[in-house]
Amino acid sequence: MRVAIASDHGGKVLRNEIISLMKEMNINYIDLGCECNTSVDYPDYAIPVAMKVATNEVDRGILICGTGIGMSIAANKVKGIRCALVHDMFSAKATREHNNTNVLAMGERVIGPGLARDITRIWLTTPFQGERHKDRVNKITAYELKQH
Ligand code: RB5
């Protein structure tokens, strides 16, 4: 599995924590910033990660900002992206099993590094259940394909 990760200035510390986790898990990742020496704009980081997932350059994306909200809104504007904002372990598992999410968003100002690590580990390792959930995800894709 190949993962693209990025954050804005509000998520830099947690991004480094998640990069450490991916190294421990032997996950192949690319880090798309930010350098974060100044305040930056989260869409400038969310959209490149989402594009890499949408074009199959990578399998998954992880986005972190202060709340995770801006990153998730921006990522979900890219066709083919199903980004979940997750701050608990139950949702991390459910959103892989039911929604086949391909991007995970988290907020550094919302959760601590331990919980973020657990969420990420679960999200990276839980398979999609398919079956009835596949029909539901396909309905989202069908709607998306009708948009300009
Ligand atoms: C930056 O201050 C903050 O707005 C950003 O990190 C994020 O929380 C936006 O949704």
Original post:
Which whole-Hz couplings ³J(HN,Hα) result when phi for each residue of segment 97-112 is put into the Karplus expression 6.51 cos²θ - 1.76 cosθ + 1.60, θ = phi - 60°, listed in order with x for Gly and Pro?
Top reply: 5, 9, 9, 6, 5, 10, 9, 10, 10, 9, x, 5, 8, 10, 10, x
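Give me the percent relative contact order of the chain, please, defined on Cα pairs under 8 angstrom at least 6 residues apart.
The normalised contact order for the chain reaches 24 percent.
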**OP:** Can you find, among Asn102, Tyr42, Leu21, the residue farthest towards the positive end of the dipole of the chain? Put +1 on the C-beta of Lys and Arg, -1 on that of Asp and Glu.
**Re:** Asn102
Original post:
What Cys residues in the chain have no fellow cysteine's beta-carbon under 4.7 angstrom?
Top reply: Cys65, Cys83
Original post:
Along its principal axes, what span do the Cα atoms of the chain show, with the longest given first and each in whole Å?
Top reply: 43, 32, 26
Original post:
Size of the dipole of segment 79-148 about the Cα centre, Lys and Arg at +1 and Asp and Glu at -1 on the beta carbon, nothing else charged, in debye to 20?
Top reply: 180
Subject >> In segment 72-148, trypsin sites (Lys or Arg not before Pro) in a DSSP loop with at most 14 other beta-carbon atoms within 10 Å >> reply: Lys77, Lys79, Arg109
Original post:
Each residue of segment 38-47 in turn: what ³J(HN,Hα) in whole Hz from Karplus with 6.51, -1.76, 1.60 and θ = phi - 60°, glycine and Pro shown as x?
Top reply: 10, 6, 10, 9, 4, x, 5, 10, 5, 5
Subject >> Positive-pole candidate from Gly10, Leu115, Gln147, dipole of segment 7-148, charges at beta carbon >> reply: Gln147
Subject >> Phi-based couplings in Hz for segment 116-128 (Karplus 6.51, -1.76, 1.60; Gly and Pro marked x) >> reply: 4, 4, 4, 4, 5, 4, 4, 5, 6, 10, 8, x, 5
Original post:
Under a 5 Å amide H to amide H cut-off, with H placed in plane at 1.01 Å, what residues pair with Ile30 once short-range neighbours are removed?
Top reply: Val3, Ala4, Ile5
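Every number in this text was worked out from the coordinates using simple rules, so none of it is lab data. What you see is a predicted model, and the numbers here were worked out from it, not measured in a lab. We place every Cβ from the backbone using ideal geometry, glycine too, and count neighbours over all the protein chains shown.
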